[in-house]
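Quick note: the coordinates plus some simple rules give every number you see, no bench work behind them. No experiment lies behind these values; they were computed from the predicted model shown. Note that each Cβ is placed from the backbone with ideal geometry, even for glycine, and that neighbours are counted across all protein chains shown.
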Amino acid sequence: MKKEKIALWGYIDRAGNFVIEPQFLETKDFTEGLASVRADVLRGYINPDGKYAIEPTFQLAEPFANGLARVMVDNKWGFINHEGDFVIQPIYDSADEFAEGLSMVRIGDSYGFIDREGKAVVPVDLYFAGIFSEGLARVAKNGKFGYVDPEGHYAIAPEYDSAYDFSEGLAAVMKDEKFGYIDHEGHWVIPPVYEAAASFSGGAARVKKDGVRMYINRSAEEVPEPAPEPTAETFHDGLAPRQQGDKMGYVGESGTFIIAPEYFRAEPFSEGYARVLTGPKAKWMFIDTTGKPAFKTKFSQATDFHNGLARALVETEKKD
């Protein structure tokens, strides 16, 4: 009889040794000394010794950030502290990570923002709320869009029929069925004369006027379509992955290959190591900045090193 196998996650050190044995169906990186894991149905948090610091009692459990973690219980989201106690009770149908001191939450079809004590800084009675961008968040109430600041005050009153997030200091908004662009104070920088308008990127924005699509600059002057920006290479430890033909290697900041292109896949470096595949059916291995194997062990899946540990997946025989 063929024995059934199961894939389990654990945590390895920089020598490739498991410091927390493979025993979890799901894992996340350690943040603030704790990592969210799932060994069965529910999720909890372990410490670097692999012991549960917070017992697995959550349907979903996100990483800690600034002392709090988002968790789900009975299909409702709340926030816990490092002891596993609820600081903000699980009463929300959705809740975002805190940004600029606030979390966007939803109850039913209504949105709002709460602070880290769970106080509704912006009452949960909005029919739309967006993320903070350039210090302001797009919100809508009674069919009109405006913007709130991190204190929950309306920086720009809800008076627009449609609105986009701020980008490069301007936001596209619609009034009286025409789009224009406002600044952070709500002043018109580009009057509302367009049938459609997109956010600014690279100093230009795509608009539609009198049925004609074009690009404009901040002075509302028509400009050529901007060339797409090249994808930025991710340099870490002075190296970035680059493809040559059907192989990948690593170049230095001068653009020359420091590690020859001999890999089927190559990920960016992190903490001095990078994950690579030698072929489509190969297992993941780690190399150092000289291109040499960091250690011999290979894994079915693995993640980058984070605070000295990496998560690794191995297949093992399922126990009855």
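Average projected area of the Cα convex hull of segment 118-277, in nm²?
Numbers: hull surface 57.8 nm².
Projected area, direction-averaged: 14.4 nm².
Which distance in nm do the two modelled labels at Ser110 and Glu233 give, with both placed 7 Å along the Cα-to-Cβ direction?
Between Ser110 and Glu233, the simple spin-label model gives 5.4 nm.
Add +1 for every Lys or Arg and -1 for every Asp or Glu among the other residues with Cβ under 11 Å from the Cβ of Ser110, and state the total.
For residues surrounding Ser110, the net value is -1.
Sorted by packing (mean other beta-carbon atoms within 10 Å per residue), highest first, where do 112-121, 275-284, 29-38 land? Walk me through the intermediate numbers first.
Values: 112-121: 17.1, 275-284: 14.9, 29-38: 19.9.
Those peptides, ordered most packed to least, come out 29-38, 112-121, 275-284.
In segment 194-266, what trypsin sites (Lys or Arg not before Pro) fall in a loop by DSSP, with at most 16 other Cβ atoms inside 10 Å? Intermediate results must be reported in sequence, preceding the final value.
Numbers: sites: Arg206, Lys208, Lys209, Arg213, Arg218, Arg242, Lys247, Arg265; in loops: Arg218.
Sparse-neighbourhood loop trypsin sites (Lys or Arg not before Pro): Arg218.
Please list the three semi-axes, largest first and in whole Å, of the ellipsoid equivalent to segment 116-207, using sqrt of 5 times the eigenvalues of its alpha carbon gyration tensor.
One finds semi-axes of 24, 14, 10 Å for segment 116-207.
Give me the net charge of Ala282's neighbourhood, meaning all other residues with Cβ under 10 Å from the Cβ of Ala282; Lys, Arg count +1, Asp, Glu -1.
On the way: positive: Arg265, Lys281, Lys283, Lys298; negative: none.
Local charge sum for Ala282: +4.
Would you compute the Debye intensity of the chain from its alpha-carbon atoms alone, equal scatterers and no solvent, and pass along log10 I(q)/I(0) at q = 0.15 Å⁻¹ to two decimals?
At q = 0.15 Å⁻¹ the computed log10 ratios are -1.12.
Report the full-extension gain for the segment Gln243 to Met214: residue separation times 0.36 nm, less the Cα-Cα distance, to one decimal in nm. Each step should come with its number before you reach the end.
Values: separation 29, 0.36 × 29 = 10.44 nm, distance 3.46 nm.
Between Gln243 and Met214, full extension yields 7.0 nm more.
Mind counting lysine pairs for me in segment 175-313? Cα separation below 23 Å, and the two need to be 8 or more apart along the chain or on different chains.
15
Taking Rh as the Kirkwood radius computed over C-alpha pairs, what is the Stokes-Einstein D of segment 240-302 at 20 °C in a medium of viscosity 1.002 mPa s, expressed in µm² per second?
Working: Rh = 11.6 Å.
Rounded to a whole number, D works out at 185 µm²/s.
Quick one: net charge of Gly272's neighbours, Cβ under 10 Å, K/R +1, D/E -1? Don't jump to the answer; show the numbers that get you there.
Working: positive: Arg14; negative: Asp237, Glu271, Asp288.
That works out to -2.
Principal axis lengths of segment 1-153 from Cα atoms, whole Å, largest first?
64, 35, 26
For segment 161-229, what is Rg from Cα atoms divided by 2.2 N^0.38 Å, rounded to two decimals? Present the calculation step by step, with values, prior to reporting the outcome.
Working: Rg = 11.0 Å, N = 69, 2.2 N^0.38 = 11.0 Å.
That works out to 1.00 for segment 161-229.
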